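The structure appears right after this line, and notes come after that.
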Amino acid sequence: MDLNHSDEHRESFLIPVKSFLEAKERLAERFGPVERQALAQRLAEGVLRSVHPASVAIVCDDDAVASWGRDLDALVIWAPKKGLNAAVAHGVATLEAKGFSTITVSHADLPFPEALNSVSIAGTIVLVPDRHRDGTNVISLPTGVAFNFSYGPGSFHRHVAEAERTGSPFMILDHAELAIDIDRSDDIDYAQAQTRPWGP
């Protein structure tokens, strides 16, 4: 896939994807390893397909994930042993170098990702918190902003402070569907309780 800048397409999506074999360990009380692997892959595929035909890249350090991403026509950005924050920063820098004006970073475990294409606003940092307003499920950034990523527990409040620090225009988007991610057993129960079937 050609992800270089063009007048027709100036936004790229960046999806950090960890090894499916190691994903969703907090669901071990509910699912076995094969089921967790299948769930993680199914969710990630749903996120990638939801932004089609937009340009999309995954950042990863796992050969199987890289192969999976190429099969889905995603650019693979290799980031071995960097940790999530450094891996995302590396992915953003790589896409900046390709001339994009906006990069939207999304977690790979959103069961209702269909609205991802409508998050970005030109020249504006957009933060989408999780349903607890603790984590940050989506961050959309104009390129050229020196934004320090700080994922982990409490990341939303740190990302708000970071957006303020940059001095760039920013907004918080509370989105009922994009706020749902699948980390724990109660997240699955919550998603299943919504009014339409969940998952890609």
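Say whether the condition of being out of contact with any Cys (no Cβ under 9 Å at 6 or more places or on another chain), closer than 19 Å to residue 178 by Cβ, touching a residue at least 40 places away in the same chain (Cβ under 8 Å) and of a type in the set (Lys, Arg) is met by at least one residue in region 45-52. Checked region 45-52: at least one residue is out of contact with any Cys (no Cβ under 9 Å at 6 or more places or on another chain), closer than 19 Å to residue 178 by Cβ, touching a residue at least 40 places away in the same chain (Cβ under 8 Å) and of a type in the set (Lys, Arg). It is to be established whether one or more residues within region 121-132 are touching a Gly at 6+ places or on another chain (Cβ under 8 Å) and at pLDDT 95 or above. Looking for residues that are touching a Gly at 6+ places or on another chain (Cβ under 8 Å) and at pLDDT 95 or above, one finds at least one in region 121-132, hence yes.
Number of residues in region 135-153 that are touching a His at 6+ places or on another chain (Cβ under 7 Å) and either surrounded by fewer than 18 Cβ atoms within 10 Å (Cβ to Cβ) or more than 19 Å from residue 174 (Cα to Cα) (or both): the value is 1. Residues of region 24-45 that are among the aliphatic types (A, V, I, L, M) and over 14 Å from residue 110 (Cβ atoms): 27, 28, 34, 38. If you go through region 93-100 one residue at a time, do you hit one that is assigned to a strand (DSSP E or B) and either touching a helix residue (DSSP H, G or I) at 6+ places or on another chain (Cβ under 8 Å) or on the phi > 0 side of the Ramachandran plot (or both)? No - not one qualifying residue is present in region 93-100.
Conditions (1) closer than 15 Å to residue 105 by Cα; (2) of a type in the set (S, T, N, Q), marked per residue:
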position: 142; (1), (2): yes, no
position: 148; (1), (2): yes, yes
position: 153; (1), (2): no, no
position: 156; (1), (2): yes, no
position: 165; (1), (2): no, no
position: 177; (1), (2): no, no
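Selection over region 101-117 of residues that are more than 18 Å from residue 181 (Cα to Cα) and surrounded by fewer than 22 Cβ atoms within 10 Å (Cβ to Cβ) gives a count of 2.
So which residues in region 31-63 are part of a loop (DSSP other than H, G, I, E, B) and either of a type in the set (A, V, I, L, M, F, W, C) or surrounded by 15 or more Cβ atoms within 10 Å (Cβ to Cβ) (or both)?
31, 51, 54, 61, 62
For (1) of a type in the set (Asp, Glu); (2) assigned to a helix (DSSP H, G or I); (3) without any contact (Cβ under 8 Å) to a residue 12 or more places away in the chain, each residue gets a yes or a no:
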{"residue": "81", "(1), (2), (3)": "no, no, no"}
{"residue": "105", "(1), (2), (3)": "no, no, no"}
{"residue": "144", "(1), (2), (3)": "no, no, no"}
{"residue": "164", "(1), (2), (3)": "yes, yes, yes"}
{"residue": "177", "(1), (2), (3)": "yes, no, no"}
{"residue": "186", "(1), (2), (3)": "yes, yes, yes"}
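Considering the conditions (1) surrounded by 19 or more Cβ atoms within 10 Å (Cβ to Cβ); (2) touching a Gly at 6+ places or on another chain (Cβ under 7 Å); (3) in contact (Cβ under 8 Å) with a residue 24 or more places away in the chain, residue 159 is excluded by exactly one of them, (2).
The values are calculated or read from the model by the stated rules, or taken from the named source; none is laboratory data. None of the values given here were measured: they were computed from a predicted structure. Ideal geometry is used to build each Cβ from the backbone, glycine not excepted, and the neighbour counts take in all protein chains shown.
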